[in-house]
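Each remark here refers to the structure printed beneath this line.
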Amino acid sequence: MSAAVAERAAVRPAAAAGARRGRPHVYEVDPLRVLTALVVVGVHTLAFTSALNQGDLAVQIHNAMLTTTHFTREVFLFITGFTLTYVYFGKPFAFRHFWSRRSVGVLLPYCIWTVIYAQVNTPQPSLGAFAKVVGGDLLTGAASYQLYYITLTLQFYVLLPVFLAFLGRVRRHPWWTLGISLLVQVVVLDLDYRYLESGRLASSAFWRSVDSVQNSVVLLYQFFFILGGFTALYFPQIRAAVLRHGRWTAAALALALVGLWVHFFYQVRVAHEQIDYAVDVLQPIMVPYSAAVIACAGWWAARWAQRRDATGRPRGERWWRLVADASFGIYLVHALVLTAVLTRVVPAMPAAWPAGLRIFCAWVLAAGGATLISVAMTKIPVVSRLVGRNQPWPAALNPRRRLAPATE
């Protein structure tokens, strides 16, 4: 075999080979899913507790911590692109089968929780008015502040066949594709941040309407879907590279974090921009920062997955899988738990406690409560559907089993 042929064989996408055999479970994804879900709770905890800090510097530090956590949607979308490419690339795409599973696992819970949050957050005097509100919320994810994650997922499901076909055309040119995608991502976010997020186009009703829904537009995050897709295609090679150069990913994250903080404090202390503008998620600096988080978190997850016990599984895999399976539920339920913590528990905390301690306790209670509730829901038949799982009835209680005719 010539060197050129050997090289092409070495970089053949993993997913293409996986089309001919069952794809093994990627253990590294489970801790990433858990990390993302729990930090999402942290984002919203920080967003709603800035009033606990007194003084300009304390508020600025609080918001610097908030902008530090703003990598969650990018990591979530990266994982979405990775998992769907890993599962479906290289196979005939069965549209009906795909949507029969996703309709029950994602769309149905989203619709139910949209109704729940619409009733909690925007109750209406009549059924007709309520139905109109729910209809709008279903399209935009506006029933609660975290549901746009699900609208982005559903939009990506619609585009998945096109996305997979696109990857099939460009899979032999990963660096060119990722480079162009990265450039487009940064330019689009820069224009958005300079003109739309800054309010320069606020005089236009059209651009105000775009600004109100852009968080829920899947194409705005195209780089992270493509990055996830290519990571799935070349997963063995990328995992080996990350493990080999892991310390560099940690250094890159530290450098990106310092750059993020310098940028934030320059905006609020030198340029005297509004804090709300400085912590906006849709700004170009979040692209390299989020990519560094993905690389470093991937290194951490790969190192964990490398250490196997006697069963051949990573240590603690059972618990990571348990919470990872409940992560979709954490996204859905944590807003209710966090509201209860902020309105009932935080005001009861001693005023002598430092603000940072009270905020940390609020996050622990909200994240822990949402996790426990979601894990419990995954174990209950029928109820598990609300968090995207399908827990079967125990054999002794299975209605179909009881009604089945007796056999010898």
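Among the residues of the range 331-351, which ones are over 14 Å from L52 (Cβ atoms) and either part of a loop (DSSP other than H, G, I, E, B) or β-branched (V, I, T) (or both)? Scanning the range 331-351 gives V333, V337, T339.
In the range 267-300, the residue that is surrounded by the most Cβ atoms within 10 Å (Cβ to Cβ) out of those that are free of Cβ contacts under 8 Å to residues at least 40 places away in the same chain and part of a helix (DSSP H, G or I) is Q267.
Would you confirm whether or not the range 226-242 contains a residue that is of a type in the set (S, T, N, Q), over 20 Å from L183 (Cα atoms) and touching a residue at least 24 places away in the same chain (Cβ under 8 Å)? If you could, list the steps in order and put the result at the bottom.
Step one: of the range 226-242, the residues of a type in the set (S, T, N, Q) are 231, 237.
Within this subset, residues satisfying the condition of being over 20 Å from L183 (Cα atoms) are 237.
Next, only the ones that are touching a residue at least 24 places away in the same chain (Cβ under 8 Å) stay: 237.
Yes: one or more hits.
Results for (1) open to solvent by 40 Å² or more (accessible area, probe 1.4 Å); (2) closer than 25 Å to F76 by Cβ, shown as yes or no for each residue.
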| position | (1), (2) |
| --- | --- |
| S198 | yes, no |
| A202 | yes, no |
| D211 | yes, yes |
| L220 | no, yes |
| I226 | no, yes |
| P236 | yes, yes |
| L243 | yes, yes |
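Conditions tested, residue by residue: (1) closer than 30 Å to A271 by Cα; (2) under 21 Å from the mean Cα position of the chain (by Cα).
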residue: L32; (1), (2): no, yes
residue: V39; (1), (2): yes, yes
residue: T49; (1), (2): yes, no
residue: V59; (1), (2): yes, no
residue: P92; (1), (2): no, no
residue: H97; (1), (2): no, no
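Just a yes or no: is a residue in the range 310-320 touching a residue at least 60 places away in the same chain (Cβ under 8 Å) and closer than 24 Å to T69 by Cβ? Scanning the range 310-320 turns up at least one residue that is touching a residue at least 60 places away in the same chain (Cβ under 8 Å) and closer than 24 Å to T69 by Cβ.
Here T45 clears all of (1) of a type outside the set (D, E, K, R); (2) within 18 Å of L164 (Cα to Cα); (3) part of a helix (DSSP H, G or I) except the condition numbered (2). Being among the aromatic types (F, W, Y), in contact with a Gly (Cβ under 6 Å, 6 or more places away or on another chain) and either open to solvent by 50 Å² or more (accessible area, probe 1.4 Å) or under 19 Å from V186 (Cα atoms) (or both) is a description that does not apply to F206. Among the residues that make up the range 345-356, is at least one of them in contact (Cβ under 8 Å) with a residue 60 or more places away in the chain, under 26 Å from F78 (Cα atoms) and open to solvent by less than 20 Å² (accessible area, probe 1.4 Å)? Scanning the range 345-356 turns up no residue that is in contact (Cβ under 8 Å) with a residue 60 or more places away in the chain, under 26 Å from F78 (Cα atoms) and open to solvent by less than 20 Å² (accessible area, probe 1.4 Å). Looking across the range 67-104, the residues that are over 18 Å from V41 (Cβ atoms), among the basic types (K, R) and either assigned to a helix (DSSP H, G or I) or open to solvent by less than 20 Å² (accessible area, probe 1.4 Å) (or both) come down to R96, R101, R102.
The values are calculated or read from the model by the stated rules, or taken from the named source; none is laboratory data. Owing to the predicted nature of the structure, the values given are computational and were not obtained by experimental measurement. Counting neighbours? That spans all protein chains shown, and the Cβs are built from the backbone with ideal geometry, glycine included. Side chains included, ligands, DNA and RNA excluded: accessible areas come from the protein's heavy atoms. Shrake-Rupley method; radii C 1.70, N 1.55, O 1.52, S 1.80 Å.
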